[in-house]
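See structure below.
The values are calculated or read from the model by the stated rules, or taken from the named source; none is laboratory data. A quick note: this is a predicted structure, and the numbers were derived from the prediction, not measured. FYI the Cβ positions are ideal-geometry reconstructions off the backbone, even for glycines, and counts take in every protein chain you see.
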Amino acid sequence: MATYAIGDVQGCFASLRQLTKTIGFTPAQDRLWFVGDLVNRGPDSLGVLRYIRGLGPAAVTVLGNHDLFLLAVAAGLATLRRDDTLSQVLDAPDCDELTTWLRQQPLLYREGSYVLVHAGLLPHWTIEEARQLAMEAETALRGEQFSAMLRALHPSGHLQWAPDLRGAVRVATITKVLTRLRTCSDDGVMESTFSGPPKLTPQGFHPWFDVPDRRNATAAIVFGHWAAMGLHLTTNLLGLDSGCVYGRQLTAVRLEDRKIFQVRCEETRGGK
């Protein structure tokens, strides 16, 4: 039995299928961990959702910002942008089933020494604090606060974490951290617009994992969301967004021995 952590798929279903063949994935024996952003920008978000949902307990996924955007659009709380590719999902006969399934997925998953999250953790959050805060947001996402939470999250640029936040703004801000964080200041103020490579991080900010004295530094954190950074592997960091949807690679790491598997983006083969 092996567990493979997989980077941002973003609707690149052909690449995902090729990657599962490359690693020799067997659902009865192995498990796939997905860092979120299952959908959007790629051509077959519907195929990705149906496949991962169909794997049942053989798959674990956390929610990413694009997954939450799909939920917001499906609920009439946001509108599609020019480069979104979610219409296939929204028009599908099983759209309600798929979005209901998405709402049940966690924002943070912890197993053994590993923590799975889409974007990152604020430096002053311990792993246990992050888990408790994620559970608050997950409860809101699955319950009566669903609409209010997504309204507060779209747009999210103004949201900054503070322990005394309440209501929909509180759970939306927790969700922003877990699904959108790339850089922040030493005291945890998030920079909300930057998406470039780490070396170009704006002055006064750091990649979230480089903030001095980070309180969650002892866990092995598996994350995605940062395509411009690319594959980033250290003892306690597995950054797996290798930019498949931008024509690069889709990456899997076998957690038992940290072996790396990659496939070239199938969706852009032939110069498309």
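Scanning the stretch 42-87 for residues that are part of a loop (DSSP other than H, G, I, E, B) and within 14 Å of the chain's Cα centre (by Cα) yields Val62, Leu63, Gly64. The single condition from (1) within 23 Å of Asp67 (Cβ to Cβ); (2) surrounded by fewer than 20 Cβ atoms within 10 Å (Cβ to Cβ) that Ala217 fails is (1).
Does Gln10 qualify as being buried (at least 18 other Cβ atoms within 10 Å of the Cβ), out of contact with any Leu (no Cβ under 7 Å at 6 or more places or on another chain), assigned to a loop (DSSP other than H, G, I, E, B) and not hydroxyl-bearing (Ser, Thr, Tyr)? When the stated conditions are applied, Gln10 passes them. All of Ala92, Ala119 fail the test of being at pLDDT 95 or above, in a loop (DSSP other than H, G, I, E, B) and surrounded by fewer than 19 Cβ atoms within 10 Å (Cβ to Cβ), apart from Ala92. All conditions in (1) touching a helix residue (DSSP H, G or I) at 6+ places or on another chain (Cβ under 7 Å); (2) within 24 Å of Leu233 (Cβ to Cβ); (3) β-branched (Val, Ile, Thr) hold for Val62, with the sole exception of (1). Evaluated against (1) at pLDDT below 95; (2) in contact with a strand residue (DSSP E or B) (Cβ under 8 Å, 6 or more places away or on another chain); (3) not aromatic (Phe, Trp, Tyr), Gln160 falls short on exactly one condition, (1).
Here Thr79 passes the criteria (1) more than 24 Å from Val9 (Cβ to Cβ); (2) free of Cβ contacts under 8 Å to residues at least 24 places away in the same chain; (3) hydroxyl-bearing (Ser, Thr, Tyr) except the one numbered (1).
On the stretch given as the stretch 18-41, residues that are surrounded by 18 or more Cβ atoms within 10 Å (Cβ to Cβ), among the aliphatic types (A, V, I, L, M) and either part of a loop (DSSP other than H, G, I, E, B) or modelled with pLDDT under 95 (or both) total 3. Scanning the stretch 97-114 for residues that are over 17 Å from Leu63 (Cα atoms) and either polar (S, T, N, Q) or part of a helix (DSSP H, G or I) (or both) returns a single hit, Ser113.
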